[in-house]
């Protein structure tokens, strides 16, 4: 619908597992984002990529590792997560170039549960 | 950094009534304020935005007002309909922070038929 797809939509993993979240945008944008959405808290920006270069890393623990192989794809690699990492992980994209008024288009999110 | 507060956290209105959601921000340099709507099972979608050189903006049944002196902005929805039921987020950004939006905690709006 928005041009941003995320897979899987739901993921359950143990604390010792390694998994990856995938995001793809079909909008021709040059900036992509990972957000964490937890109940009763503001959306937390995790990572930003502009033209495949990481430009923001908001003190995210190293157990989250982003990868942006091209402007259309973004991955979030997960390993040795904690139960408090359970949340909805949202991917977004925008035109890019650091323009602060660019509309961000969000995917539907991946609901992650860490056991 | 910027801190955005949003109230109320939940809001119920009768169909046809108006709904108002308010946000305050802390960084006087913020000059762009988007509002996003998130329906169940979906990601947030932009519904309206306002820049600091404008005091009010309207788009059909929704409007946003901005008071830069007081550092607060509000979303107004008139003639509410059941499909307006969703979670609404305000955000603030400034040219100093590039792509980064600072979001509020969200308001869950329920429109009762």
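Any read-out appearing in this document is the output of simple, stated calculations on the displayed coordinates, not a laboratory observation. Being a predicted model, the structure only gives us computed values, none of them experimental.
If you take the Cα centroid of the range A:24-49 and the Cα centroid of the range B:64-113, the two points sit 18 Å apart.
Which of the three applies to the range B:16-103, rounded, prolate or oblate, going by the alpha-carbon gyration tensor with a ≥ b ≥ c and a/c under 1.5 meaning rounded? Kindly include the intermediate steps, with their values, before the conclusion.
Values: a/c = 2.31, a/b = 1.44, b/c = 1.60.
Here the range B:16-103 falls in the oblate category.
Between the range B:5-55 and the range A:72-115, the alpha-carbon centres lie 21 Å apart.
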